[in-house]
Amino acid sequence: MKRISLNSILKALNLRLIEKDIIIKRVKDDIRKLGTNTLIFHLNKDQEINNDEFRKYKDCYIITDQPILKTYINKDKYIYVDNINIAYKNFLNYYRNLFNPTVIAVTGTCGKTTTKEMIAQVLKHKYKVINTKGSKNNLRFHHDYLMKFNEETEYGVFETAITHPGHLILNCEIFKPQIGIITNIGIDHLNWCKSLNNYIRTKAELLVGLKNKGHIIINNDDENIKKIDFSNYKGKILTFGINSKADYLGKEIELFSSKVIFKLVANKEEYTVEVSGNGIHTVYNALATIACLDTLGMDLEEAISYLSKYIPIRSHTQIKNGINGSTIIEDTWSSNPTSLSAALDVLKNMDSRKTKIAVIGKISYLGEYKTDFYKRIAKEIINKKIDVLITIDNDAKEIGKSAIKYGMNSNNVYKVNKKDDLYNLLKRVLNKNTIALFKTSMLDKSSNEIINRIIED
């Protein structure tokens, strides 16, 4: 972070200045991260201040709204406020306003991590960029991202994920984006958003986060995005798509096991785009990326050239070699009905001569809609002509039951609860004539341990 005098921070927060000013080199949001020349906001009131640890550090200050006890040492190192959350929010606003980078906020049910990564990787060829690492897009990570901003930062590229309504606005209040991207809106987080309409509205909070100005880039093929009312949005709307008229149109798409090639039509010109990845979803992510880079003023030929060097992030429909000569599609980062559908498309479009196996783990956050979506997934598995279904979660077994009900051969449907049973089953069914999709979540550590054992490269 930028080194700042403590009194400069206190002045910005309308707090009393200290007598002897010092330079702050680190600002933390966790009382356990004490250190020299450090300012800490005591946000988690369940965490007790370690006095013995505190005394070790020179020029360490704590901002708190908790009463200070007589037994506390270094009482002059405590800065008292009426409301710690308001003080912390004011600090974030102050620190963000010290700099003037262009910030891109990427949201969507799926594709946001890949799109964010594509944009960041291209920009890093020429600029100083701060971006979300992997899929670490939770609010608790945002403090450290913001603290990386300094005078050299030219761009910020961040995932603005949600679990509850209001989260996306909080994301934007921290980073203050000027460009927003909605990759798609499918199904997720219904346990907190309660309904699909409320989930759509929650994703549409990006308009508020942009303060209804700047640029917003949207998927023009997405039916749920079309339900958003953009009438109050005063900025510029740009569209990308494949099946609908769009400012950035993809056509003549060729899908390969490790890359996609397509024609881009934009600005009345036509370009050939090649990018690492697989499945039609990769084309959408690339189109959103190109739209963003063009908006930033990058020459399209140059942007496409840099995009061809994109390195995919791990565990997102990665094609790997498995035991017994099998082919594995590893998609074990997260799981929701939208990303599962995209992964099943990848499986469907691979070698038609081979047996297609789908291994499906728990799909979280569906709330009261869980049973309904499990039935829909079962129908999709049958419609996409998946040969074998293996479920590895007590809830996901309902997908198998529905698949049998809708006509799938019961001999090709397996329900597995123990990881040893899963491993033994995979050793038996996987061979050189099979392609297996593993669709789980990073939280499913037990199943993913088995998946790692059957991957040979």
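The values are calculated or read from the model by the stated rules, or taken from the named source; none is laboratory data. This is a predicted model, so every value here is computed, not measured. Here the Cβ is made from the backbone with ideal geometry for all residues, glycine too, and neighbour counts use every protein chain on show.
Of the residues 268, 251, 245, 263, which is surrounded by fewer than 17 Cβ atoms within 10 Å (Cβ to Cβ) and at positive phi?
So the residue among 268, 251, 245, 263 that is surrounded by fewer than 17 Cβ atoms within 10 Å (Cβ to Cβ) and at positive phi is 268.
Residues in segment 27-63 that are in contact with a Leu (Cβ under 9 Å, 6 or more places away or on another chain) and either hydroxyl-bearing (Ser, Thr, Tyr) or outside any loop (DSSP other than H, G, I, E, B) (or both): how many?
Matching residues across segment 27-63 total 11.
Select from segment 301-351 the residues that are among the hydroxyl-bearing types (Ser, Thr, Tyr) and either on the phi < 0 side of the Ramachandran plot or over 22 Å from the mean Cα position of the chain (by Cα) (or both) and list them in ascending order.
Across segment 301-351, the qualifying residues are 305, 306, 308, 310, 326, 327, 332, 334, 335, 338, 339, 341.
Would you point out the residue of segment 308-322, among those that are within 14 Å of residue 257 (Cβ to Cβ) and in a loop (DSSP other than H, G, I, E, B), that is modelled with the lowest pLDDT?
Taking the candidates together, the pick is 317.
What number of residues within segment 296-311 are surrounded by fewer than 20 Cβ atoms within 10 Å (Cβ to Cβ) and β-branched (Val, Ile, Thr)?
Taking segment 296-311 and keeping what is surrounded by fewer than 20 Cβ atoms within 10 Å (Cβ to Cβ), we get 296-302, 305-306, 308-309, 311.
Now narrow it down to the ones that are β-branched (Val, Ile, Thr): 311.
The number of residues fulfilling the criteria is 1.
For residues in segment 1-21 being at pLDDT below 95 and under 14 Å from residue 59 (Cα atoms), which is surrounded by the most Cβ atoms within 10 Å (Cβ to Cβ)?
For segment 1-21, the residue satisfying everything is 18.
Residues of segment 36-47 being at pLDDT 95 or above and touching a Lys or Arg at 6+ places or on another chain (Cβ under 7 Å), which ones?
Those that are at pLDDT 95 or above and touching a Lys or Arg at 6+ places or on another chain (Cβ under 7 Å): 36, 37, 38, 40.
Please go through (1) of a type in the set (S, T, N, Q); (2) modelled with pLDDT under 95; (3) within 17 Å of residue 113 (Cβ to Cβ) for residue 257 and return the number of the only condition it doesn't satisfy.
With (1) of a type in the set (S, T, N, Q); (2) modelled with pLDDT under 95; (3) within 17 Å of residue 113 (Cβ to Cβ) applied to residue 257, the lone miss is (3).
Picking from 111, 186, which residue would you name as being more than 12 Å from the chain's Cα centre (by Cα) and touching a residue at least 24 places away in the same chain (Cβ under 8 Å)?
Among 111, 186, only 186 is more than 12 Å from the chain's Cα centre (by Cα) and touching a residue at least 24 places away in the same chain (Cβ under 8 Å).
Pick from 130, 104, 119, 185: which is farther than 30 Å from residue 3 by Cβ, assigned by TED's automatic domain parsing to the domain that holds residue 225 and touching a helix residue (DSSP H, G or I) at 6+ places or on another chain (Cβ under 9 Å)?
185
Could you tell me how many of the residues in segment 422-436 are more than 16 Å from residue 452 (Cα to Cα) and among the basic types (Lys, Arg)?
2
Run residue 164 past the list (1) surrounded by 21 or more Cβ atoms within 10 Å (Cβ to Cβ); (2) in contact (Cβ under 8 Å) with a residue 24 or more places away in the chain; (3) farther than 28 Å from residue 306 by Cβ; (4) of a type outside the set (Val, Ile, Thr) and report the number of the one that doesn't hold.
(1)
Which of the residues spanning segment 375-410 are surrounded by 20 or more Cβ atoms within 10 Å (Cβ to Cβ), of a type in the set (Ser, Thr, Tyr) and more than 27 Å from residue 192 (Cβ to Cβ)?
None - no residue of segment 375-410 is surrounded by 20 or more Cβ atoms within 10 Å (Cβ to Cβ), of a type in the set (Ser, Thr, Tyr) and more than 27 Å from residue 192 (Cβ to Cβ), so the list stays empty.
Residues are listed down the side, and each one gets a yes or a no for (1) of a type in the set (Asp, Glu); (2) under 23 Å from residue 333 (Cα atoms); (3) within 28 Å of the chain's Cα centre (by Cα); (4) surrounded by fewer than 17 Cβ atoms within 10 Å (Cβ to Cβ):
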residue	(1), (2), (3), (4)
363	no, yes, yes, no
373	no, yes, yes, no
417	no, yes, no, yes
423	no, yes, no, no
431	no, no, no, yes
437	no, yes, yes, no
447	no, yes, yes, no
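Among the residues of segment 209-252, count how many are in a helix (DSSP H, G or I) and more than 21 Å from residue 158 (Cβ to Cβ).
Total meeting the criteria: 2.
State yes or no: is residue 212 of a type in the set (S, T, N, Q), surrounded by fewer than 16 Cβ atoms within 10 Å (Cβ to Cβ) and at pLDDT 90 or above?
Yes: the conditions hold for residue 212.
Give the residues of segment 2-26 that are farther than 15 Å from residue 88 by Cβ and part of a loop (DSSP other than H, G, I, E, B), sorted by residue number.
Selection gives 2, 3, 16, 17, 18, 19, 20, 21, 22, 25.
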